[in-house]
Structures are given as C-alpha cells and as structure tokens.
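Working notes, beginning with the structure itself.
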Amino acid sequence: MAYRGQGQKVQKVMVQPIRSRIQVWLYEQVNMRIEGCIIGFDEYMNLVLDDAEEIHSKTKSRKQLGR
C-alpha cells in the first residue's frame, strides 16, 4: 500500500515497465497470448499496448492487432 510521503517512490515503480515488451497470458484461452509494448495503464491495471500481436501457441501463428 502507498502511504503519504511515499507517493514519488510508488509512482516511479509503476512507470518503470513503460515501453517494455511484454507477453500477456490469457486465463481462459490458454493457447493464446498477446505480445506488445506497454504504453500505458489505468488504476484497474487495464493495459494499453503498442505493436500488439495475438500469438496462438498451437499453430505458432501471429496476427497483428490494431488500435
């Protein structure tokens, strides 16, 4: 939890992964992954990804996703 006086430290930790390439594993679709660069997120941890691709692990196919 963040307490008063630690706001700067918490904020720094939260923005470190910005512009990092990540792979999101989907809970109910275990054969599919989403890969992209984090460009933002909100207080509910909804992600905004750039250059995102949908990856199917069984067929090894990749599909570009747009905005």
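Values quoted throughout were computed directly from the atomic coordinates according to the rules given, and no laboratory measurement underlies them. The structure presented is a predicted model; accordingly, all values stated were derived computationally and were not measured. All Cβ positions, even for glycine, are placed from backbone atoms using ideal geometry, and neighbour counts span all protein chains on display.
I'd like the FRET efficiency for Arg19 and Thr59, computed as 1/(1 + (r/R0)^6) with the beta carbon distance as r and R0 of 35 Å, rounded to 0.05. Please list the in-between numbers first.
Numbers: r = 29 Å, r/R0 = 0.84.
That pair, Arg19 with Thr59, gives E of 0.75.
Below 9 angstrom from the Cβ of Arg33, what's the summed charge of the other residues (Lys, Arg +1; Asp, Glu -1)?
Summing Lys and Arg as +1 and Asp and Glu as -1 gives -3.
Quick query: amide H of Leu65 versus all other amide H atoms, modeled in the peptide plane; which residues come in under 5 Å with a sequence gap of 5 or more or a different chain?
For Leu65, the qualifying residues are Ala52, Glu53, Glu54.
Work out the P(r) tail for the stretch 17-64: percent of alpha carbon pairs separated by more than 13 Å, whole number.
Summing the P(r) tail past 13 Å for the stretch 17-64 gives 57 percent.
Residues with beta-carbon under 10 Å from that of Arg21, excluding Arg21: net charge, scoring Lys, Arg +1 and Asp, Glu -1? The partial results should precede the final answer.
Numbers: positive: Arg19; negative: Glu35, Asp50, Asp51.
Around Arg21, the surrounding residues sum to -2.
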